[in-house]
Number of protein chains: 4
Amino acid sequence: MFSTEVKVRVRYAETDQMGYVYYGNYPTYYEVARVEAMRSFGMKYKDLEASGVMMPVLENHSYYLLPGKYDEELTIKVSIPELPKVKIKFLYDFYNEEGKLIHKGETILAFINMETGRPVRMPKEMEEVLSPFYQ
Amino acid sequence: MFSTEVKVRVRYAETDQMGYVYYGNYPTYYEVARVEAMRSFGMKYKDLEASGVMMPVLENHSYYLLPGKYDEELTIKVSIPELPKVKIKFLYDFYNEEGKLIHKGETILAFINMETGRPVRMPKEMEEVLSPFYQ
Amino acid sequence: MFSTEVKVRVRYAETDQMGYVYYGNYPTYYEVARVEAMRSFGMKYKDLEASGVMMPVLENHSYYLLPGKYDEELTIKVSIPELPKVKIKFLYDFYNEEGKLIHKGETILAFINMETGRPVRMPKEMEEVLSPFYQ
Amino acid sequence: MFSTEVKVRVRYAETDQMGYVYYGNYPTYYEVARVEAMRSFGMKYKDLEASGVMMPVLENHSYYLLPGKYDEELTIKVSIPELPKVKIKFLYDFYNEEGKLIHKGETILAFINMETGRPVRMPKEMEEVLSPFYQ
């Protein structure tokens, strides 16, 4: 399956008074991770939207194992566990600088034609790049 | 079971270029909803932390049914489906101004002694207020 | 001059590990304050955009006097110091629950025709409501 | 004077329904820029706090010249225009991918002893690194 690594450094803005990353900031990290994952196989989300397809989120699941901390560079292992059709699932495993798994996330997104508002299949270019990973 | 309603108005800051509420902002709305829910039965989360107990999030689940829109006043039906012990679960149903269910959320939090870092049972005062709802 | 009061409660998401409101969150409070100020004299920013006029920010100035704290209900005195023409200036004075002035802000926005991208004069309806305050 | 460049890529979370970077997100970019600037001359803000000195913001000024856009990699030229004493001023010039100046910012921060809450002089190590730039 397709899998890659993305790094993100925790900003002060993203901490809360508990001294850790605010729980609601992980979905933004997921966004960074999946956009960079797509960029790594040659797809820019920006271009996808420009071509008339958007990818709204349908479901999001987060598991907080250990706190993320200010200024840490987190490593996000992002993967697409199965070949997408009309939906795409991303998994995210977060590791801190000591290599400990601190967080797990899962997001399901749809492909939507922006003109009709209706679900469509994954764009062809994306299928061509991804399908070799699922054979 | 305990259940109440909390209202939140969508800020411009919370929209994204899709024109809707950014998916990562719902957990912040959940936080507002559960803090106001606790306030409605006489518990201030601020006082809880001051007394040495914090409530970090263990799990978060979000289901995006319809988009939230700028300036809408969303009604959040927040409930605690079972009497908490060492964990507490909150459910959130979001309705837009037309009364349509647009979003569902679920958050599981722990009670943690801030000094020892260890899980503790729900504070007594909270149990006293909540237990009548589960008889 | 036009002036009104808007209240905003500090969310946990808005604090940082210093234990205070993160400095970058005040502009969002300003947005809430000026949108509610406009609503108080019968203008919805949402309707303004729907009518083809947007109000991007040109300048923003913030003065941090005392920290804002979690769960405090801040009172924002928002005012429009002079009758707007092609720009509008908002001033914001933030008071905490003890009545202390903790923060001052100033924002200058333009009126922009969304089709042409060009500056326009303040919409008529807005001028009609505001001008009595400046005589 | 000391000056360096920091890059930041615009996240979807940071856009608003105008289709641009929300005006309130620039101060977070400033934070990233000055923390990376400090890292470039061997100071970690995290270590500074650990040593008992924090740097709260006193003033912030933002000038919005052109919109920032989703997925753009912005180049921030960050500089410290004069040798700091009890305060430090940072200037930020933002350039988009076409090399156009789109935004200017200025932040003044204090050095505060976290125990006493009182202003202190810039830490010695910082002065030693910075002073050669101002001779």
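Scanning segment A:46-55 for residues that are more than 12 Å from B:GLN17 (Cβ to Cβ) and in a strand (DSSP E or B) yields a count of 1. Identify all residues within segment D:1-50 that are surrounded by fewer than 17 Cβ atoms within 10 Å (Cβ to Cβ), within 13 Å of chain C (Cβ to nearest Cβ) and more than 18 Å from A:ASP71 (Cβ to Cβ); write none if there are none. Within segment D:1-50, just D:GLY19 meets the criteria.
None of A:ASN96, A:ASN60, A:ASN25 is in contact with a Ser or Thr (Cβ under 6 Å, 6 or more places away or on another chain) and within 30 Å of C:GLY19 (Cβ to Cβ) except A:ASN60.
Screening the candidates A:PHE94, A:PHE41 for the property of being modelled with pLDDT of 95 or more and not hydroxyl-bearing (Ser, Thr, Tyr) yields one hit, A:PHE94. State whether one or more residues within segment B:106-126 are within 30 Å of C:GLU49 (Cα to Cα) and among the small types (Gly, Ala, Ser). No, that holds for no residue. Within segment C:8-25, the set of residues being modelled with pLDDT of 95 or more and part of a loop (DSSP other than H, G, I, E, B) comprises C:VAL10, C:ARG11, C:ASP16, C:TYR22. Going through (1) outside any loop (DSSP other than H, G, I, E, B); (2) facing chain C (nearest Cβ under 10 Å); (3) free of Cβ contacts under 8 Å to residues at least 24 places away in the same chain; (4) not hydroxyl-bearing (Ser, Thr, Tyr) one by one, D:GLU59 falls short only on (3).
Within segment D:80-94, the set of residues being assigned to a strand (DSSP E or B) and either touching a His at 6+ places or on another chain (Cβ under 8 Å) or surrounded by fewer than 18 Cβ atoms within 10 Å (Cβ to Cβ) (or both) comprises D:LYS87, D:LYS89, D:TYR92, D:ASP93, D:PHE94. Within segment C:88-111, the presence of a residue that is within 14 Å of chain D (Cβ to nearest Cβ), of a type outside the set (Lys, Arg) and over 17 Å from the mean Cα position of the chain (by Cα) is excluded. Residues in segment C:62-71 that are within 9 Å of another protein chain (Cβ to nearest Cβ) and of a type outside the set (Gly, Ala, Ser): C:TYR63, C:TYR64, C:LEU65, C:PRO67, C:LYS69, C:TYR70, C:ASP71. D:GLU127 passes every criterion in (1) buried (at least 17 other Cβ atoms within 10 Å of the Cβ); (2) outside any strand (DSSP E or B) apart from (1). Could you say whether any residue in segment A:37-45 is in contact with a strand residue (DSSP E or B) (Cβ under 8 Å, 6 or more places away or on another chain), assigned to a strand (DSSP E or B) and more than 15 Å from B:GLY24 (Cβ to Cβ)? The answer is no, given that none of the residues of segment A:37-45 is in contact with a strand residue (DSSP E or B) (Cβ under 8 Å, 6 or more places away or on another chain), assigned to a strand (DSSP E or B) and more than 15 Å from B:GLY24 (Cβ to Cβ). Out of everything in segment A:62-73 that is assigned to a strand (DSSP E or B) and over 14 Å from the mean Cα position of the chain (by Cα), what residue ends up being surrounded by the fewest Cβ atoms within 10 Å (Cβ to Cβ)? Of everything passing the filter in segment A:62-73, A:GLU73 is surrounded by the fewest Cβ atoms within 10 Å (Cβ to Cβ).
Answer yes if at least one residue in segment D:1-8 is on the phi > 0 side of the Ramachandran plot and charged (D, E, K, R), and no otherwise. Among the residues of segment D:1-8, not one is on the phi > 0 side of the Ramachandran plot and charged (D, E, K, R), which makes the answer no.
The values are calculated or read from the model by the stated rules, or taken from the named source; none is laboratory data. Computed from a predicted model, the values in this text were never measured in an experiment. All Cβ positions, glycine included, derive from the backbone under ideal geometry; neighbour counts span all protein chains shown.
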